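> Below are the structure tokens for one structure; questions will follow.
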Amino acid sequence: MMDDMPKRSDSKERMIAAARRLFREYGYLGTALSDVVTESAAPRGSIYFHFPGGKEELAGEVTLLHAGDHIAHINRAAAATSTAGQLIEVFIDRIRDELISSNYREGCAMAPLVIESMPASDQLSAATRRGFQDMIATLAARLTEKNVPASRATQLATQAWTSVEGALILSRVLHSPEPFDTATAQLAATADTEANASTS
């Protein structure tokens, strides 16, 4: 029975993961620190022990987790695909499928931080800016490895992330994966066209 109890030593990681999920569904301002404690089953009073900077510090950690998860996914998708178009498809499909599996409730964890905390928080402005820059740079690097010219890879990666963020909003509103499917088809075709042109 004791084995089923959450370990006190991993309470910080559980709180970050819980905050990420709550931000995705309710936003930054819509999530209270008490919600994070409840969601994570963390010891009461531990939130300021692990995050002396409070909610702002916790949100910075959420940004690192969210961006890191997407960067790892992009790298896995690149290793599992052979063309630029396939990379785009696998990369976007995972985000699409996660949204669907949450019944269109969980969007991007970083978007609420941008919308709800900027420009009031320099710390979160810097964290989210770096997070998106790193995600774009990672996708661009993997596209370059699949023969998309470097001069176009960053533009295509930026377009892909712009489409993903927009699709997350539209798909939640429409309760449909169609915005993702439309974006994926167009971006994958563009990626393959760019890659093929560079090798012809």
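The values are calculated or read from the model by the stated rules, or taken from the named source; none is laboratory data. Computed from a predicted model, the values in this text were never measured in an experiment. Positions of Cβ are generated from backbone atoms using ideal geometry, with glycine treated the same way; all protein chains shown enter the neighbour counts. Remember, those area values only see protein heavy atoms, side chains included, never the ligands or the DNA or RNA. Shrake-Rupley method; radii C 1.70, N 1.55, O 1.52, S 1.80 Å.
> Residue by residue through segment 87-105, note down the ones that are open to solvent by less than 70 Å² (accessible area, probe 1.4 Å), part of a helix (DSSP H, G or I) and in contact (Cβ under 8 Å) with a residue 24 or more places away in the chain.
Kept after step one, since they are open to solvent by less than 70 Å² (accessible area, probe 1.4 Å), are these residues of segment 87-105: 87-88, 90-96, 98-100, 102, 104.
Remaining after also requiring part of a helix (DSSP H, G or I): 87-88, 90-96, 98-100.
Once the filter is applied, which keeps residues that are open to solvent by less than 70 Å² (accessible area, probe 1.4 Å), part of a helix (DSSP H, G or I) and in contact (Cβ under 8 Å) with a residue 24 or more places away in the chain, segment 87-105 yields Leu87, Ile88, Phe91, Ile92, Asp93, Ile95, Arg96, Leu99, Ile100.
> Mind telling me which of the residues Val173, Val114 ends up being open to solvent by less than 70 Å² (accessible area, probe 1.4 Å), within 26 Å of Gly30 (Cβ to Cβ), part of a helix (DSSP H, G or I) and without any contact (Cβ under 8 Å) to a residue 40 or more places away in the chain?
Exactly one residue qualifies, and that residue is Val114.
> Tell me, please, whether a residue that is among the small types (Gly, Ala, Ser) and farther than 30 Å from Asn147 by Cα can be found in segment 94-104.
yes
> Of the conditions (1) out of contact with any Pro (no Cβ under 6 Å at 6 or more places or on another chain); (2) part of a loop (DSSP other than H, G, I, E, B); (3) buried (at least 20 other Cβ atoms within 10 Å of the Cβ); (4) of a type outside the set (Val, Ile, Thr), Ala59 clears all except one; give me its number.
That leaves (2) as the condition not met.
> Hey, can you tell me all the residues within segment 63-86 that are of a type in the set (A, V, I, L, M, F, W, C) and either in contact (Cβ under 8 Å) with a residue 24 or more places away in the chain or surrounded by 14 or more Cβ atoms within 10 Å (Cβ to Cβ) (or both)?
Correct list: Leu64, Leu65, Ala67, Ile71, Ile74, Ala77, Ala78, Ala84.
> Shifting gears a bit: Name the single residue that is surrounded by the fewest Cβ atoms within 10 Å (Cβ to Cβ) among those in segment 130-159 being of a type in the set (S, T, N, Q) and in a helix (DSSP H, G or I). Write out each step before concluding.
To start, the set of residues in segment 130-159 that are of a type in the set (S, T, N, Q) comprises 133, 138, 144, 147, 151, 154-155, 158-159.
From what's left, in a helix (DSSP H, G or I): 133, 138, 144, 151, 154-155, 158-159.
Values: Gln133: 12, Thr138: 19, Thr144: 20, Ser151: 10, Thr154: 17, Gln155: 15, Thr158: 16, Gln159: 17.
Ranking the candidates gives Ser151 first.
> Could you please let me know if Ser163 is closer than 20 Å to Ser101 by Cα, hydroxyl-bearing (Ser, Thr, Tyr) and touching a helix residue (DSSP H, G or I) at 6+ places or on another chain (Cβ under 6 Å)?
yes
> Right, next: Criterion first (within 15 Å of the chain's Cα centre (by Cα), surrounded by fewer than 20 Cβ atoms within 10 Å (Cβ to Cβ), closer than 27 Å to Gly53 by Cβ and of a type in the set (Gly, Ala, Ser)) does Ala127 satisfy it?
Spelling it out, it is not the case that Ala127 is within 15 Å of the chain's Cα centre (by Cα), surrounded by fewer than 20 Cβ atoms within 10 Å (Cβ to Cβ), closer than 27 Å to Gly53 by Cβ and of a type in the set (Gly, Ala, Ser).
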